[in-house]
Amino acid sequence: MKLGRTLAVSSEILLGHKVRTALSCSAIFVGVCAVVLMIGTGQAARKDLLSRIQSMGTNVLVAQAGLFQAFGTHQQQVATFTTLTPRDAEQIKQDVRGARRVSGFVQDSRVVAYRGDKFYATVCAVSPVYFRIENLRLARGRFFTEDEARGLARLAVLDPALSKDLFGWRNPLGRTIRVGGVLFKVIGVTGRAGDETQGEGPAESLYIPLETGLVRVLNVDYLNSIYVQAAEGARLEPVMGDVAALLRRTHKLPAGKPNDFTIQDPVALLKTEHDTGQAFEALVAAVAAISLFTGGIGILAVMLMAVRERVNEIGLRRALGARRRDIGLQFLLESGILSALGGVPGAAIGFFGNALVCRLAGWPLVWPWAATLGAFVFSVAVGVVFGFFPAVRAARLDPAECLRRAV
């Protein structure tokens, strides 16, 4: 009962100074929110990374036309070439011993229309084997075959987002769409993110046969990239070396001249992205720690001010029989309540902000329960630690001196 009464009195005193209380809680709020958001989104990003590595496999490399450099988590093209051709893909398939599957790849944006509805989408022209290399799965329908690709068939496999844009919840199979003015028949829809039929591809996209795309839609004779899947048991590094040597030879590049292509290991790129993400998490953690420390200093200042303002109250309570530990406990409770007033909304906003970030980024949803509880407990601990000195100072005040000041 005494503890409950002390809590009630402390809460009443803090609510009597709303502005001061809110300002002292703000840094705790920011720190807790940052911690929860950082840990939650970090867990979601790592989960997404692992699923992407598992979906694409660890034995896939990509030869891209042009030169690329890493800037943060992204690869940016710094030089463009159009020397990568379908013949290069065929040559790799025939001559590189460790190559199990090879697919050319070229993409560009085109208007995709169905009746009166029109959308810009990424048109990906690929070989049928591309779906197996990238481990794409179907939600419905089928993929096009090698014979259909060689026959310049006008068939399309849609991304689920584009399928929904064009057809809503209707079955798209068998319907005819226009891709850059050319008629295509829809024969399949790839799996949705998060399902066991998940496929990794550009959002708002569709897939058409490589030969059809080169001749009838994109009107180019070169590739953006060549996907190579190494044979089982083959090491990726020798395959990369053989592909690079073959491309230099077919492109007739003399010794000393730089490549007009870049061979990338997607798994290595994802690991780089993961490392960069960890560095960002460390930065956010440092900012959160500074915020919590600043909040603790704010609580220390507020509580010292409260001790000075309430000297007469302390003297009166001591004169009426309150013990030193009663006075100290009240001030410790007030500092803990201050931290909780910042920690509770900070944890709640960080918790649900994490869900919003996961949704916008397309990551799997992760609920950071442990991080939320831990951040809240830590924030209260910060308040108690920084409130300990004012509590001890209040408890050691001489009651006679306090009453004399009041007079």
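Each reported figure results from applying straightforward, stated rules to the coordinates on display, with no laboratory input. Keep in mind that this is a model prediction, so the values were computed, not measured. Neighbour counts run over all protein chains shown; Cβ positions are idealised from the backbone, glycine included.
A few remarks follow.
- Cα gyration tensor, segment 82-259 - rounded (a/c under 1.5), prolate or oblate: prolate
- Of the peptides 212-224, 305-317, the order by per-residue mean of other Cβ atoms within 10 Å, starting with the highest, comes out as 212-224, 305-317.
- Of the residues Val384, Val126, the one with the fewest other Cβ atoms within 10 Å heads the list, and the complete ranking is Val384, Val126.
- Here the residues Val129, Val36, ranked from fewest to most Cβ neighbours within 10 Å of their Cβ, fall in the order Val129, Val36.
- Distance from segment 124-165 to segment 345-359 (C-alpha centre basis), Å: 37
- Ordering Ser109, Ser163 by the number of other Cβ atoms within 10 Å of each residue's own Cβ, fewest first, gives Ser109, Ser163.
- For segment 82-259, DSSP calls about 75 percent of its internal beta bridges antiparallel.
- Normalised contact order of segment 82-259, rounded percent, pairs of Cα under 8 Å and 6 or more residues apart: 33
- Approximate spin-label separation Val377-Leu283, in nm, with each point projected 7 Å along Cα-to-Cβ: 3.1
- Dividing the mean sequence gap of close Cα pairs (under 8 Å, 6+ apart) by how many residues segment 287-407 holds gives a relative contact order of 49 percent.
- Exceedance of the 28 Å cut-off in Cα-Cα distance is limited, within the set Lys47/Lys164; Lys93/Lys257; Lys93/Lys118; Lys93/Lys252, to Lys93/Lys118.
- Each Lys and Arg adds +1 at its Cβ and each Asp and Glu adds -1 at its Cβ; summed about the Cα centre, segment 278-407 shows a dipole of about 500 debye.
- Averaged over residues, the count of other Cβ atoms within 10 Å places the peptides 20-29, 141-150 in the sequence 20-29, 141-150, highest first.
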